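K.L.:
Got a structure for you, written out below as C-alpha cells; questions coming shortly.
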Amino acid sequence: MDYPIRDYPAEIPDKLRKGKVLVHNDVTKGITPDRKQATRGFRFWIDDPSERLQECGCGWAPHLPKHYRVKRAKAPAHRKPRP
C-alpha cells in the first residue's frame, strides 16, 4: 500500500502551494488560532485534497481561506437483536 508523503511543518504556514491543503487531526478540544504542533495530541500537516477530509470551521489558522480536518469515523450502529 502506498502512503502519501505528508509535510508536518513546525509552524502554521502563511500560504500553501497550489493544490495543497492544510489539515489537522480530529483533536479539537481547546483549539486556538495559535495552537502549536503536537500539543496535547494536536497534529497538522500539508496534504493533497481527498475524500477523507472535511472543511473545518474551528477558527484555527484564521489567516488562511480554508483548512480541513480528518473526518471522524462513524460509530457503528448497534442493533438489539429481535426477540
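K.L.:
Would you pick out the residues in region 1-23 that are modelled with pLDDT of 90 or more and either loosely packed, with under 11 Cβ neighbours inside 10 Å or under 12 Å from the mean Cα position of the chain (by Cα) (or both)?
P.N.:
Once the filter is applied, which keeps residues that are modelled with pLDDT of 90 or more and either loosely packed, with under 11 Cβ neighbours inside 10 Å or under 12 Å from the mean Cα position of the chain (by Cα) (or both), region 1-23 yields Asp14, Lys15, Arg17, Lys18, Gly19, Val21, Leu22, Val23.
K.L.:
Pull out all pairs, ordered by first then second residue, where Cβ-Cβ is under 7 Å, the residues are six or more apart or on different chains, the first lies in region 19-38 and is closer than 23 Å to Ala73 by Cα and in a loop (DSSP other than H, G, I, E, B), and the second is modelled with pLDDT of 75 or more and of a type in the set (Ser, Thr, Tyr).
P.N.:
Listed pairs, sorted by first residue: Gln37/Tyr8.
K.L.:
Under 8 Å by Cβ, and 6 or more places apart or on different chains, what pairs join a residue from region 46-67 that is touching a residue at least 60 places away in the same chain (Cβ under 8 Å) and under 15 Å from Lys36 (Cα atoms) with one that is exposed (fewer than 11 other Cβ atoms within 10 Å of the Cβ) and charged (D, E, K, R)?
P.N.:
Note: no pairs meet the criteria.
K.L.:
State whether one or more residues within region 24-31 are touching a Leu at 6+ places or on another chain (Cβ under 9 Å) and at pLDDT 75 or above. Walk me through how you get there before you give the answer.
P.N.:
Our first condition is that a residue be touching a Leu at 6+ places or on another chain (Cβ under 9 Å); within region 24-31, this holds for none.
Looking through region 24-31, none of the residues is touching a Leu at 6+ places or on another chain (Cβ under 9 Å) and at pLDDT 75 or above.
The values are calculated or read from the model by the stated rules, or taken from the named source; none is laboratory data. Since the structure is predicted, the reported quantities are computational estimates derived from the model, not experimental observations. Counting neighbours? That spans all protein chains shown, and the Cβs are built from the backbone with ideal geometry, glycine included.
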